[in-house]
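The block underneath contains the structure these notes are about, expressed in structure tokens.
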Amino acid sequence: INAEYMGLLRTEMEYIDNWGKQQGYVCWLNVKTGLKHGYLVIVLAILSFVLLLNALMNGLVLFLVGVVAPAYQTFKAIESESKDDDTKMLYYWCVFGFMLILDRLFGFVLLEFPFPGVLKFAILLALILKDYALSQKIYSYTIQPLLNRYHIYVEKATEAVQKAASDGTAEARKMGKEYVAEKAAEAVAGSFKQQTPITSESVSYTHLRAHETLRYLVCRLLLEKKKT
């Protein structure tokens, strides 16, 4: 069996080696490195697979493992009568949120690693394996002591952010009302100008009384004052 397996392996390697000799970039690497064409093809295939896996880990797979699956487990924990499941999922989401904060602040460090997507996937997978045991340990030995020590500063910062958001909302509402009032006044003024266009033609006193408007009333009063 081993002989048959080795013979099949040699046949496949010869096929891969012959295929690599027909590829220009493989021949160029062969000249530069001295490695066989078949080995270069296998290395390039593995590297392409890892790069594709890293891209998937940064996108859909990372979202499914880190968000979708725990969200469904959280739903099951809420629907169950046991409170242990709820606590377990709270451990995970607390650690997950803490990781998001660290990623925002120090995410550039992961760029130094060859495959950051694979590293993130491995961390999230470790958090959910063994019934989320690692999440509980990280919370108990890292997050809980840290928050117990600095929770006052965190609460003050949270209150400051909420106050700033509330003040900004109130200011935006005030500016919005002023803007709407200004535009409404402009619209009314424009409508009044269209209905009563200004003209330089002279009109008679009788005409003013027959077609009396707000502007004509002013003109009539001025004429009567002039007569007196």
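The values are calculated or read from the model by the stated rules, or taken from the named source; none is laboratory data. On a predicted model such as this, the values are computed, not experimentally measured, just so you know. When we count neighbours, we look across all protein chains shown, and the Cβ atoms used for this are built from the backbone with ideal geometry, even at glycine. Just so you know, the surface numbers come from the protein's heavy atoms only, side chains and all, with ligands and any DNA or RNA stripped out. Shrake-Rupley method; radii C 1.70, N 1.55, O 1.52, S 1.80 Å.
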Is it fair to say L53 is within 38 Å of the chain's Cα centre (by Cα) and modelled with pLDDT of 80 or more?
no
Can E112 be described as under 26 Å from I46 (Cα atoms), of a type in the set (D, E) and in a loop (DSSP other than H, G, I, E, B)?
yes
Under 8 Å by Cβ, and 6 or more places apart or on different chains, what pairs join a residue from region 53-73 that is over 18 Å from D103 (Cα atoms) with one that is modelled with pLDDT of 80 or more and open to solvent by 60 Å² or more (accessible area, probe 1.4 Å)?
P70/W93
For region 85-104, state whether one or more residues are more than 16 Å from S135 (Cβ to Cβ), open to solvent by 90 Å² or more (accessible area, probe 1.4 Å), assigned to a helix (DSSP H, G or I) and not basic (K, R).
no
Meets criteria (open to solvent by 70 Å² or more (accessible area, probe 1.4 Å) and assigned to a helix (DSSP H, G or I)) for I138:
no
Can we say F121 is closer than 25 Å to L52 by Cα and among the hydrophobic types (A, V, I, L, M, F, W, C)?
yes
Residue count for region 13-51, restricted to those that are over 27 Å from V118 (Cβ atoms) and surrounded by fewer than 11 Cβ atoms within 10 Å (Cβ to Cβ)
5
